[in-house]
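The values are calculated or read from the model by the stated rules, or taken from the named source; none is laboratory data. The structure displayed is predicted, hence computed values, not measured ones. Positions of Cβ are backbone-derived with ideal geometry, glycine not excepted, and every protein chain shown enters the neighbour counts.
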Amino acid sequence: MNARLDLLTSTETGITESDVFRLALQQVVAELGALGGAVHLGRGSSALFLVSSSGLPPALTRPWEMIDRGDLTVPRPSLRPRRALWVPTAAADTPGHRPEQWPGTGFASVPLTDEGHTVGALTVVTGDAGEPTDEQWTFLRHVADWTVERMLQAPPPAPPPQDELVGSRLRQALEEVEVGTWNWDPRTGELVWDEPAAALFGTELVTREEAWMKALHPDDLPSALAAMERAMREGTLYDSEYRVRLPDGGYRWVHGRGAAEYDESGEPVRMMGMVWDCTESRTARDALSRALRHMSDGFVLVDGDWRIGFANLEAERTLGAPEAELFGRVLWELPAVQGVPDLESRCRKAVAAATALELDVEIAAGRSHHLRLVPSPDGLTLYFTDVTDQRRREAERAAAERAAAERSARIAELTAALATATTSRDVVDAVADRVLRPFGATGLIVVAVESDRAEIIGSVGYPQTFVDEIHGHKLPPSDPVRDVVRTEAPLFISSAEEYIRRYPSLAYRPRVAGKEAWAFLPLTVSGRTFSVCLVSFDRPRRLTQDERTLLTAISALFSHALERARLYDAEHTRSQELQRDLLPRRLPETPAGTAAARYLPSAQGMDVGGDWYDVIPLSAGRVALVVGDVMGHGLAEAATMGRLRTAVKTLTDLELPPAEIMSRLNDIVGELGADYYATCLYALYDSTTGTCTIGGAGHPPPAVVRPDGSVHFPRLPADPPLGAAEPPFGTVELAVPDGSLLVLYTDGLVESPGRELDEGMAELAQLLRTADHGDLERLCDTLTNGLLPGEQLPTRDDAALLVCRVHALAADRMASWELELDPRAAGQARRHIREQLAVWGLDDLVPTTELIVSELIGNVVRYAKGPVHLRLLESAGLTCEVYDGSLATPRIRHASETDEGGRGLQLVAALSQRWGARYTMAGKCIWTEQALLADPDDVTAALLAAPPL
């Protein structure tokens, strides 16, 4: 408060009265939190005149422009000296005032006093705070004192310039009007009148200037003296109109003119002039001026030079300046007018063509005005009509018509959209997109009721905290959703207050949800209400009967579409679970390669697809990579995919070569019927040789990415898909350097209706050349996002991707020996085992490995044929391989207690983690795998568990 007073005190002296009033009102309105304020003046007169206002619209200030002291029809400011006044808006002493016309709680007014005389009042319209406090009253009085002080220091307003009467016009005026003359000596103060002048002032012929000043109306004396002083100082014509007191106490209007004479030094020595009675013309002009001044439309007169000569109160408000500041200024220089495009050129064209011009402009911020320009011989007349409310009503009416048409169109769209919506999310989005905007709603949420618990099916426009609070929780005893499900009737709540009144235990929900009105619509199918749809609004809203009827009809469409979608969702969930179960949960870790994979289901519906992939570790540092695609979508195709994946796993475990595996798979698909086809790609990588054997059936070739970044698609034999092919199947063998990538995929990744297979493979190659190969998971994302960008996800066809980085086994981790086919071979093998395991630091494995190799070599010597070959591999485990030239398959025998042999393979199986046999081009290979960290206790236990020899 003190800071505001200091701010006013620091204002420079000599500012205009309008600026004094404006600054005073700004500070008191801000300090009291008032709605607005006004300043009235009226020294010695019987009325108060509004000279300034702030924050009050014209509709409220118009009755305040001139207030008779005895008028009780409007709120009156305080007129008692040093007496502040607060009047409530509904006070009994304002019988002509209807409280609803004025906002706020009342009027706080303090007098403007000069030397004990009240010259006016400063009034504010109080807000919700009501009557000011004692401290605020003190502040108001200080501001009133400052206002009076600066009023006295303000410069007088400049009188309008007028042309001097000369020649015949002067003689005509003297004939029509009785004119008196006067002669004034500014050095002595002596004033000499002629008889007509003395009669006008009721004084003697010779008097002093004090008598003239005493005869003037107090309100007009400052301006008359100022005009005289300015005329003498500047050497211009003295021209002034003022009121003179009559002997009966009344007043007449007098017009005085004169000019000063100066001595050689430039000092005024005499002023002579004329004076005449202008009461009649002034009264007529005042009546016309008042009529124009108080017109509800803005009225401005502009001369031939486009300078303003008159502006009424409404024009002042529109142009943002009082008449004194507008007078004489060029119309185009006003800031409010400068924002109107092409106004100057259009006005000049209208004047040149002598035609009227009408247009809508925005002069005051946020207000629309209809501007009418009427040219006249002496200039231009401008009328400003505020059409903001009218244009707003027209816009609202047009908007309502557009909204009705748009609403009808959207409802038609909703019907079509619901007919094609598939999932529950699709149905909720379709309703939200086509219902919320036409009704002006901002939120939609669908709550299903299952076993007295709320399940959120979908929501739009609600905070997640609100959704989480409801989803999965039991409905409270008093809840609108529960009531709608019970009654199966819609419920409409128009405000937060009504919601709290109906459900006091849930009073916090409107605040948490950020909503102010709701429509609770039951979703009923076959006489059962299974869900409730909440359409909500940010503001209080009372829906019309037509709107309620329309929402109820929409809820019926919504119900059937949502019930159908929920059945689809359930089937789709079961299909996805089946598909997840048929694909590998996680890829196995193998020393021969590191793999990552992606499966992208199609967007064709709830049917699952037949694309699949697998990584199968094999013996001797080998790994099999497989991708396949059963043509079609559905549960039958998914089942076929599961059968093929299982078959590949089984055939691979039997150590069959790729061509043989393709033949067996072709037989399986052929047995399913003529309508079943599948493509497959099988790649067998051997880390000991760095080679990869690839076989395929109607499938795109893999991409081989070498460590230098080059990409190669090997050419495969042109074998048809499984189910249509005729064995034998061809294979291709290629060298794959250590660290290379094998990229296997199905056609859904690279082929689409708008992209041929060759184009897709070229894009895949380009991505592989530029992508970062360090992280295989990130590489998979890069490939899928690059080949299936944006709107293509989910895909129109299933897509499977398998990326594997191969790891070759180092040469120093392999050892092999050729053995003779005689009983001494077992001893030679044991010696080689001891020496090599010592080099590898695996001495703990020597006893077990010697025993295993002895049994395998003994079986070869006894039952097989040469040549005999022994190989050791060290990677994640220790692999022992014994090669011979026989195709006989070893198998474990169940020897009786009296048999002397038949227990060797049982002992081998007990001492190794796993063992097996595979066929080679020259015979077969029997292999075993052992863990590198062998526990002696485990070896002893294995020996004890083996059957007796």
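When only residues in the range 202-234 that are touching a residue at least 60 places away in the same chain (Cβ under 8 Å) and of a type outside the set (Ser, Thr, Tyr) count, which is surrounded by the most Cβ atoms within 10 Å (Cβ to Cβ)? Let's see the steps before the verdict.
Applying the first criterion (touching a residue at least 60 places away in the same chain (Cβ under 8 Å)) to the range 202-234 yields 217-219, 222-223, 226-227.
Of the ones still in play, those that are also of a type outside the set (Ser, Thr, Tyr) are 217-219, 222, 226-227.
Numbers: His217: 17, Pro218: 14, Asp219: 15, Pro222: 13, Ala226: 16, Ala227: 22.
For the range 202-234, the residue satisfying everything is Ala227.
Yes/no per residue for (1) in a loop (DSSP other than H, G, I, E, B); (2) β-branched (Val, Ile, Thr); (3) surrounded by fewer than 18 Cβ atoms within 10 Å (Cβ to Cβ); (4) in the same structural domain as Val705 (by TED's automatic domain parsing):
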| position | (1), (2), (3), (4) |
| --- | --- |
| Asp614 | no, no, no, yes |
| Ala620 | yes, no, no, yes |
| Val623 | no, yes, no, yes |
| Val627 | no, yes, no, yes |
| Ala636 | no, no, yes, yes |
| Thr688 | yes, yes, no, yes |
| Ile694 | no, yes, no, yes |
Legend entry - Boolean, Leu744 is touching a Leu at 6+ places or on another chain (Cβ under 9 Å), assigned to a strand (DSSP E or B) and not β-branched (Val, Ile, Thr): yes
Inset, instruction - For residues that are under 22 Å from Phe530 (Cβ atoms) and part of a loop (DSSP other than H, G, I, E, B), scanning just the range 489-502, find the one that is farthest from the chain's Cα centre (by Cα). - result: Ala489
Legend entry - Matching option when the condition is modelled with pLDDT under 80, out of contact with any Leu (no Cβ under 6 Å at 6 or more places or on another chain) and not assigned by TED's automatic domain parsing to the domain that holds Leu523, among Ala399, Ala421: Ala399
Inset, instruction - Report, by residue number, each residue of the range 489-514 that is surrounded by 15 or more Cβ atoms within 10 Å (Cβ to Cβ) and over 22 Å from Asp538 (Cα atoms). - result: none
Legend entry - Matching option when the condition is modelled with pLDDT of 90 or more and not hydrophobic (A, V, I, L, M, F, W, C), among Pro480, Pro438: Pro480
Inset, instruction - Could you list all residues from the range 114-149 that are surrounded by 21 or more Cβ atoms within 10 Å (Cβ to Cβ) and either in a loop (DSSP other than H, G, I, E, B) or in the same structural domain as Ala324 (by TED's automatic domain parsing) (or both)? - result: Pro132
Inset, instruction - Output the number of the condition that Leu776 fails; it satisfies all remaining conditions of (1) surrounded by fewer than 21 Cβ atoms within 10 Å (Cβ to Cβ); (2) aliphatic (A, V, I, L, M); (3) under 16 Å from Thr679 (Cβ atoms). - result: (3)
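Residue by residue, here is whether (1) part of a strand (DSSP E or B); (2) under 22 Å from Asp546 (Cα atoms) holds:
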{"position": "Arg391", "(1), (2)": "no, no"}
{"position": "Glu394", "(1), (2)": "no, no"}
{"position": "Ala399", "(1), (2)": "no, yes"}
{"position": "Ala409", "(1), (2)": "no, yes"}
{"position": "Thr422", "(1), (2)": "no, no"}
{"position": "Asp429", "(1), (2)": "no, no"}
{"position": "Arg437", "(1), (2)": "no, yes"}
{"position": "Ala441", "(1), (2)": "no, yes"}
{"position": "Val447", "(1), (2)": "yes, no"}
Legend entry - Pairs where the first residue, in the range 324-335, is farther than 15 Å from Leu380 by Cα and the second is assigned to a helix (DSSP H, G or I), C-beta under 8 Å, 6+ apart: Ala324/Ser18; Glu325/Ser18; Leu326/Ala315; Leu326/Glu316; Leu326/Leu319; Leu334/Leu319; Leu334/Leu326
Inset, instruction - Tell me, yes or no, whether the range 788-803 has at least one residue that is in the same structural domain as Leu684 (by TED's automatic domain parsing), outside any strand (DSSP E or B) and under 25 Å from Asp686 (Cβ atoms). - result: no
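Go through the range 841-860 and report how many residues are assigned to a helix (DSSP H, G or I) and free of Cβ contacts under 8 Å to residues at least 24 places away in the same chain. Please lay out each step first, then the result.
Going residue by residue through the range 841-860, those that are assigned to a helix (DSSP H, G or I) are 843-860.
Right, trim to free of Cβ contacts under 8 Å to residues at least 24 places away in the same chain and you get 843, 846, 850.
Total meeting the criteria: 3.
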Inset, instruction - Taking the options Glu323, Glu344, name whichever one is of a type in the set (Asp, Glu) and either at pLDDT 80 or above or in contact with a Cys (Cβ under 7 Å, 6 or more places away or on another chain) (or both). - result: Glu344
Inset, instruction - Report the residue count in the range 644-658 for those that are crowded, with 18+ Cβ neighbours inside 10 Å and not in a loop (DSSP other than H, G, I, E, B). - result: 6
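Rundown of residues vs (1) buried (at least 17 other Cβ atoms within 10 Å of the Cβ); (2) small (Gly, Ala, Ser); (3) at pLDDT 90 or above, yes/no style:
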residue	(1), (2), (3)
Ala825	yes, yes, no
Glu835	no, no, yes
Ala838	no, yes, yes
Glu850	yes, no, yes
Ser854	yes, yes, no
Asn859	yes, no, no
Tyr863	no, no, no
Arg871	yes, no, yes
Leu878	yes, no, yes
Legend entry - Filter result (within 22 Å of the chain's Cα centre (by Cα), surrounded by fewer than 20 Cβ atoms within 10 Å (Cβ to Cβ) and within 16 Å of Ala519 (Cβ to Cβ)) within the range 440-488: Gly440, Thr442, Val460, Gly461
Inset, instruction - Answer yes if at least one residue in the range 673-680 is touching a residue at least 60 places away in the same chain (Cβ under 8 Å) and more than 53 Å from the chain's Cα centre (by Cα), and no otherwise. - result: no
Legend entry - Boolean, Thr94 is of a type in the set (S, T, N, Q), at pLDDT 85 or above, more than 17 Å from Glu17 (Cβ to Cβ) and not in a strand (DSSP E or B): no
Inset, instruction - Pick out the one residue from Ala226, Ala260, Ala231 that is more than 25 Å from Leu152 (Cβ to Cβ), out of contact with any Cys (no Cβ under 8 Å at 6 or more places or on another chain) and modelled with pLDDT of 85 or more. - result: Ala260
Inset, instruction - Could you tell me whether Arg230 is basic (Lys, Arg), in contact with a helix residue (DSSP H, G or I) (Cβ under 9 Å, 6 or more places away or on another chain) and within 24 Å of His217 (Cβ to Cβ)? - result: no
Legend entry - Count - residues of the range 585-602 that are over 16 Å from Tyr685 (Cβ atoms), crowded, with 16+ Cβ neighbours inside 10 Å and not small (Gly, Ala, Ser): 4
Inset, instruction - Go through the range 542-571 and give me each residue that's out of contact with any Lys or Arg (no Cβ under 9 Å at 6 or more places or on another chain), within 22 Å of Val467 (Cβ to Cβ) and among the charged types (D, E, K, R). - result: Glu563, Arg566
Inset, instruction - Please give the number of the condition Arg230 fails out of (1) in contact with a Ser or Thr (Cβ under 6 Å, 6 or more places away or on another chain); (2) in a helix (DSSP H, G or I). - result: (1)
Inset, instruction - Just need a number here: residues in the range 661-686 that are assigned to a loop (DSSP other than H, G, I, E, B) and crowded, with 20+ Cβ neighbours inside 10 Å. - result: 2
Legend entry - Residue that is nearest to the chain's Cα centre (by Cα), among those in the range 416-437 that are under 8 Å from Gly458 (Cβ atoms) and surrounded by fewer than 19 Cβ atoms within 10 Å (Cβ to Cβ): Asp429
Inset, instruction - Could you check Ser555 against (1) under 20 Å from Ile456 (Cα atoms); (2) surrounded by fewer than 19 Cβ atoms within 10 Å (Cβ to Cβ); (3) of a type in the set (Gly, Ala, Ser) and say which number it fails? - result: (2)
